[in-house]
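Colleague: One structure, as C-alpha cells, below. Some questions next.
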Amino acid sequence: MVRGVRGTWCGTLLLVGVLVGGTSGCGPETPPAPGGPPSGTSGPAEPGATATATAPGTTTASGATTVPGTTTAPDTPTADPHPAEVLVEVVVNGGLAGVRNKLVVHYDGSWTSRSGTKEPRTGRQTPAEAAELRAALEDPAYARVPERPTGDPVFDGFQYFVTYRHRLVVSGDGERPAALQRVFAALPEGGPPTNP
C-alpha cells in the first residue's frame, strides 16, 4: 500500500519536473550528454530563434560561449554606405563675384556641381580618385581640423563650408590645415567650385 502511494507521489513529481524542465528528486540526476545542454536548460533553439540571456559558460544557438554577466544579441553586420549616399558636400561663398556654389560627391564617386543659376554639371571620379577622397576625409588628422577659421579673413576671399558625416568645417582663404588641403586636392575638378 505504501509502495503504491510512493509510486504515485514520485510519478507526480516526475511529471511536474518534466513540465518545468527540472529534476524530480525521485532518483539520481542524469548527467547531460556530451555536447548537449547542461541540466536545467532547455534543448536546442528552434530555427530562427535568437538567444537573449543564457547561463555563464554555456553555448548559445549561434555557437558562441557566454561570459558571466553578459547577454547575447543577434549579429548585426555593419552595413557599408549605399553608393548613392552623400560622401561630402562643399559650399563656396564669396570672392569678387560673390559666388554661391555647391558640390556634392557621393560614395561611388559621382558628383554634381551647381554654380548660381546655371545648369548643374555632373561627373564621376575614377575608383582611385574616389578612394583618395574617402581616405582624406577618414584621415584622423581631418577630424582634428578646427570647425571655424583660425586665421585672419582674406579681403574678397572665399568661405568654404565642408560637411562630412554631419560635421561642418568652415574655412577661408589663407592659412589652411594640411588635412583640409588634402581633402580639397582630392575633390573633383581639382578643388572646391569657385568659378562664377
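Colleague: Can you give the local net charge around Pro83? Use residues other than it whose beta-carbon is closer than 14 angstrom to its beta-carbon, Lys and Arg +1, Asp and Glu -1.
Modeller: Charge balance near Pro83 sits at -1.
Colleague: State whether segment 101-196 is rounded, prolate or oblate according to the following rule on the C-alpha gyration tensor (a ≥ b ≥ c being the square roots of its eigenvalues): a/c under 1.5 gives rounded; otherwise a/b larger than b/c gives prolate, and the remaining case gives oblate.
Modeller: It comes out oblate by the Cα gyration axes.
Colleague: Between beta-carbons, use under 12 Å as the cut-off and find the net charge around Ala131, counting Lys and Arg +1, Asp and Glu -1.
Modeller: Cβ neighbours under 12 Å give a net charge of -3.
Colleague: Moving on to the next point. Among Gly191, Ala135, Val170, whose Cα lies farthest out toward the positive end of the dipole of segment 124-196, if unit charges sit on the beta carbon of Lys, Arg (+1) and Asp, Glu (-1)?
Modeller: Ala135
Colleague: Could you calculate the contour length gain from Val154 to Ala185, that is, 0.36 nm times the residue separation minus the distance between their Cα atoms, to one decimal place in nm?
Modeller: Computed gain between Val154 and Ala185 is 9.1 nm.
Colleague: Another question about this same structure. What does the charge count around Arg114 come to, taking other residues whose C-beta lies under 10 Å from its C-beta (Lys +1, Arg +1, Asp -1, Glu -1)?
Modeller: Once all neighbours under 10 Å are counted, the net charge is +3.
Colleague: Here's something else I'd like to know. If I stretch the segment between Arg144 and Ala131 completely, what's the gain in nm (0.36 nm per residue apart, minus their alpha carbon distance), one decimal?
Modeller: So the extension gain works out to 2.6 nm.
Colleague: Sticking with this structure for a sec: Using the Karplus equation 6.51 cos²θ - 1.76 cosθ + 1.60 (θ = phi - 60°), what ³J(HN,Hα) coupling, rounded to whole Hz, does each residue of segment 80-94 give in order, writing x for Gly and Pro?
Modeller: 6, x, 5, x, 7, 5, 6, 8, 8, 10, 10, 10, 10, 10, x
Colleague: Using amide H atoms built in the peptide plane, which far-off residues or other-chain residues are under 5 Å from Arg100 H to H?
Modeller: Gly116
Colleague: Residues with amide H under 5 Å of Tyr107's amide H, sequence separation 5 or more or different chain, H placed in the peptide plane at 1.01 Å from N; which?
Modeller: When sequence neighbours closer than 5 places are left aside, the close amide H contacts are Glu85, Leu87.
Since every read-out is calculated from the coordinates, none of them should be taken as a lab result. If you're wondering where the values come from, they're calculated on a predicted model, not measured in any experiment. Note that we place each Cβ from the backbone using ideal geometry, even for glycine, and neighbour counts take in every protein chain shown.
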